[in-house]
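Contents: one structure, followed by commentary.
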Amino acid sequence: MTLLAKVARRGPADLLMVAEALMLLAFFRVCLAVVPVRRIIGTVTRGKAEPKQDDAASIDARELSAAQRVQWAVVAVARHSVVEFVCFPQTLAAYTMLRWRRVRSRIVYGVARSHEGELIAHTWLEVGDGYVTGGDEAGGFAAIERWA
């Protein structure tokens, strides 16, 4: 069953959320190809770097529900798209969608070494003490920068 057929069964609110995720994923994929990353991050987060801290802010039921719905939409579009959307556009799209819904989240940028010894990077999005995007791979990366 295609993504569109699955979403059509869920209802118009989910269809709109999937369309929003698709538009943001495409927008950020293009932006990442032509605009410096620091400028994108500065614009999206309005320059708010978050100090490194281990204590996660608590979230309420509304924020958790919104985070789960955004996660579903972004991951579904990324999985079923003919275009590849890697971690960074997924993180930026989910962050933007959550910001529009007034849900606090953190973009985390991490690095690690590949098996060949090359430096690799990964981004993920946190809400409270959970992950919205990129969480499956986050454990293998050292977080070097966070933005709220």
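Restrict the search to segment 71-131; then list the GluC sites (Glu not before Pro) that DSSP places in a loop and that have at most 11 other Cβ atoms within 10 Å of their Cβ.
Hits after loop and neighbour filter: Glu84, Glu116, Glu118.
Are there trypsin sites (Lys or Arg not before Pro) in segment 71-148 that DSSP puts in a loop and that have at most 16 other Cβ atoms within 10 Å, and which ones?
Hits after loop and neighbour filter: Arg101, Arg102, Arg104.
Tell me which DSSP H helices of the chain clear both cut-offs, 27 Å or more of axial length from alpha-carbon atoms and a mean Kyte-Doolittle hydropathy of at least 1.0.
Long hydrophobic helices here: 12-34.
Ala148 to Arg39: extension gain in nm, 0.36 nm per residue of separation minus the Cα-Cα distance?
37.7 nm
Take each of the peptides 16-23, 90-97, average the number of other beta-carbon atoms within 10 Å over its residues, and list them starting from the highest.
The packing order, highest mean first, is 90-97, 16-23.
No value in this document is a laboratory result; all are computed from the given coordinates. On a predicted model such as this, the values are computed, not experimentally measured, just so you know. Here Cβ is always computed from backbone atoms with ideal geometry, including for glycine, and neighbour counts include all displayed protein chains.
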